[in-house]
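The next block holds one structure in the form of structure tokens; read it before the comments.
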Amino acid sequence: MLIAVEGIDGTGKTTVSRYIVELLRKKGFECVLLREPGDSEYGERIRNSKKRLSPEKELELFMLDRIEDVKNNILPALEEGKVVVMDRYYFSSIAYQGARGLDAEEIRKMNEKMAPKPDLVILLDAEPEVVLERIKSRGDLTPFEDLEYLKKVRENFLKYADESTVIIDASNPLDKVKEEVKRVICEFLNVNLQKNPD
């Protein structure tokens, strides 16, 4: 199974991704937690760039990073029967680079040609004003964290959510978010285990 945790910056994706892994391990699943950008040279270049690259360059680096991640980490783990939990996945490219004027639908098609589709996407949704306050309180804002830009990114996340997406209100306190995530995961497991009893 492949589970992706998505949302604009400051919605708690890393915390929730770790929580999902903890939850699944308690239920006896073997899990792998991966993040994007990954640890490839392309991922490092994205993380270390002090200013925004052009939308095209940014997308190119994310795609190259994801190709490596799929080949070296995601597919091998899935083939071993593990649950892969992604802290960000290709929906972030659709939302973020789409918000910079690139064709979001085209980005989706490019990704779905080479990256496995998640079985479940948990979209942590919150108003950009709320998350920017959180981000400011924990330190430096990155070039990705601009109010008007994040509004467009959020719109894209909501617009391109598909049938595998469950939207969770991430403006709630963390305990409440975790409770809702737990409910979604348990429901998802029940449905999938009935479909595939082996």
Of the candidates Leu33, Gln97, Val166, the farthest towards the positive dipole end of the stretch 2-195 (Lys/Arg Cβ +1, Asp/Glu Cβ -1, centred on the Cα centre) is Leu33
So how far, in whole Å, is the C-alpha centre of the stretch 49-83 from the one of the stretch 145-161? 21 Å
Whole number please: convex hull volume per residue of the Cα set in the chain, in Å³? 116 Å³
When a footprinting reagent is the concern and you count Cβ atoms within 10 Å, what order do Arg25, Arg134 take, fewest first? Arg25, Arg134
Below 18 Å, Cα to Cα, which aspartates and glutamates can Lys176 reach? Residues fewer than 8 away in the same chain don't count. Glu6, Glu22, Asp125, Glu127, Glu187
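Ratio of Rg to Rh for the stretch 1-118, alpha carbon only, Kirkwood? Intermediate values should be presented prior to the final figure.
Working: Rg = 14.3 Å, Rh = 14.7 Å.
Taking Rh as the inverse mean 1/r over Cα pairs, Rg/Rh reads 0.97.
Please get the size of the charge dipole for the chain, origin at its Cα centre, with Cβ charges of +1 on Lys and Arg and -1 on Asp and Glu, quoted in debye to the nearest 20. Can you show the working numbers first?
Values: 33 positive and 39 negative charges, 65 e Å.
That gives a dipole near 320 debye.
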I'd like to know how the stretch 70-175 sits against the 2.2 N^0.38 Å rule of thumb: what's its Cα Rg over that expected value? 1.17
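Sum -39500 (n - 2.57) across every DSSP H segment of at least 4 residues in the chain, then divide by the residue count to get the 222 nm mean residue ellipticity, nearest 500. Before the final figure, lay out the partial values.
Working: 9 runs with 107 residues, N = 198.
For the chain, the value works out to -16500 deg cm²/dmol.
The numbers here are math on the coordinates, done by the rules we state, and not lab data. Keep in mind the model is a prediction, meaning the values are calculated, not measured. Cβ: placed from backbone, ideal geometry, glycine included. Neighbour counts: every protein chain shown.
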